[in-house]
Structure formats: C-alpha cells, structure tokens
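Since every read-out is calculated from the coordinates, none of them should be taken as a lab result. No experiment lies behind these values; they were computed from the predicted model shown. So basically every Cβ, Gly included, is an ideal-geometry build from the backbone, and we count neighbours across all protein chains shown.
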Amino acid sequence: MEVTTHGNSGFPRLGQPAPLFEAQTTQGTIRLEDFKGSWLILFSHPADFTPVCTTEFVAFSEMAPEFKKRNVELCGLSIDSTYSHIAWVRNIEKNFGIKVPFPVIADLNKDVASLYGMIMPGESKTETSRCVFVIDPNGILRAMIYYPLTTGRNMQEILRLIDALQMTDKNGVATPANWKPGEKVIIPPPATTEAAEERMKAGFETKDWYFSKKAV
Ligand code: BEZ
C-alpha cells in the first residue's frame, strides 16, 4: 500500500495535510485523493459484528443524507477483512433495514490505522478505537475526535462540527460553546490595541474588547 505522511512524523496534526493512503474497501480500492473537492469523515470502529459499532453504523447511515447536503463523504475502517465487512453490512440491512451507503476500509495490515494513530494500545492492540478524522476539500486535517471502545459516538455532534467548520471557512468567524446553526458567532479577537479600540465602536454585540458576537 502506498502511504505518505507529507513529512509529518508521528500522528496526524490539525491544519496539516492528512496522510495519504490507498486502501481496499467494500466499494473497491480508494485513495485519499479520490475525495479531493469534498469533505471527508474518515472514522474507525473496533470490530464488525459488535453491538455498539452496529448502532454507530446505523446512525452514520441514517445521517448520511445530511452529510451529503454539506458535501461530506463518509468512509469507515476497521482491522477486519472485506468479507467480514460485506457480511456485516448485509446483516445490518437484514436486521435493521438500513443500507450502509459508504465504503468501509479493510485494514487487515493496520496500514491506515497506524498512519492515523487509530490504535490505542492501552485500550486494545488488535482493534481501532472510535476515531473520527475530518478532512477538508483541500486534503487538510481539520478535526479529530477520539472515543473509547465502550462509548458510541454522537452523530449530532459530528454534524455540528461540520457545520461549525463550514461556517468558519465561509465567514471567517469562530463558534462558541454549544453553538448550533442559526445562532450568533464569535468574531475573532482584535490583535492590536488600535484594533481593540475600533472593536468597541464597531457596532457588534460586544461584552468587552475581546468578546464580540454577531448574527450571520
Ligand atoms: C461494541 O461495539 O459493542 C464494542 C466493541 C469493542 C469493545 C466494546 C464494545
């Protein structure tokens, strides 16, 4: 398998190019570059045919249309074979009536898992933890979330993270704690005393020179 770390040593870092990979999936061979122009959520799960992972695959599949509306593709991964993945997604369709619409990487050699630091030996040496990597249309790693083996992820939070990143890119703003689309956003703080003076007169909703919000 072809992998490159763009000269990054160790684990992936926010704001840097995501490590390139080519991998076998339930939908054929994929390369990270195939997703150029789209956002990508690359996520790992510990193992096929396990209950928490099954709830997550159902939840990711149900949320897929919302991600699609936002130009976000999904790609799963675990250290299982393609045959296991195929059997599991068929089993999910049979038992839950949900078709899994995204590819799932069969990372039997742990190539992609090692590249992205998805294995947490303190939890398991043979399974990937519940990792989420958000990669933007230019291939830059924008967010990482790590959950333990025993806790299923929250799709609303992952969708909220995408909305927040896209809001930031479109409007050059930041988003406060618990922000949801439609709510006011944060204007990045001024970096000079002069800009701080200006900010107080700028007509935003300003608590103090460093704390301004506005509607978008
Ligand atoms: C699960 O998906 O149910 C699971 C996987 C690994 C450890 C614990 C739970």
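Worth pointing out:
- Computed over the chain, relative contact order equals 20 percent, with contacts defined as Cα pairs under 8 Å that lie 6+ residues apart.
- A crude spin-label estimate for the pair residue 143 and residue 168, with each label 7 Å from Cα along the Cβ direction, gives 0.8 nm.
- Rounded tilt (10° steps) of 51-69 against the dominant C-alpha axis of the chain: 50 degrees
- Region 172-214, Cα convex hull volume normalised per residue, Å³: 71 Å³
- Cα gyration tensor shape for region 1-128, rounded if a/c is under 1.5, else prolate or oblate: oblate
- The residues neighbouring residue 55, those whose beta-carbon lies less than 12 Å from its own, together hold a net charge of 0 under the Lys/Arg +1, Asp/Glu -1 convention.
- Cα Rg, Dmax (largest Cα-Cα span) when computed across the chain, Å: 19.6, 64
- Choice from 30, 186, 135 showing the highest fluctuation, given a GNM over the chain with Cα pairs closer than 10 Å: 186
- Charge dipole of region 172-214 (Cα centre as origin; +1 on each Lys and Arg Cβ, -1 on each Asp and Glu Cβ, all else neutral): 220 debye, rounded to the nearest 20.
- Label-point separation, residue 184 to residue 150 (7 Å along Cα→Cβ), nm: 4.1 nm
- Gap separating the Cα centres of region 10-81 and region 154-177, nearest whole Å: 19 Å
- Relative contact order (percent, whole number), region 111-156, Cα cutoff 8 Å, 6+ residue spacing: 27 percent
- The antiparallel fraction among DSSP beta bridges confined to region 22-153 stands at about 60%.
- Subset of 180/214; 170/207; 99/180; 36/125; 69/94 violating a 21 Å alpha-carbon distance limit: 170/207; 99/180; 36/125; 69/94
- In degrees, nearest ten, helix 82-96 long axis to first principal axis of the chain (Cα): 70 degrees
- Relative contact order [Cα under 8 Å, 6+ residues apart], region 172-214, whole percent: 37 percent
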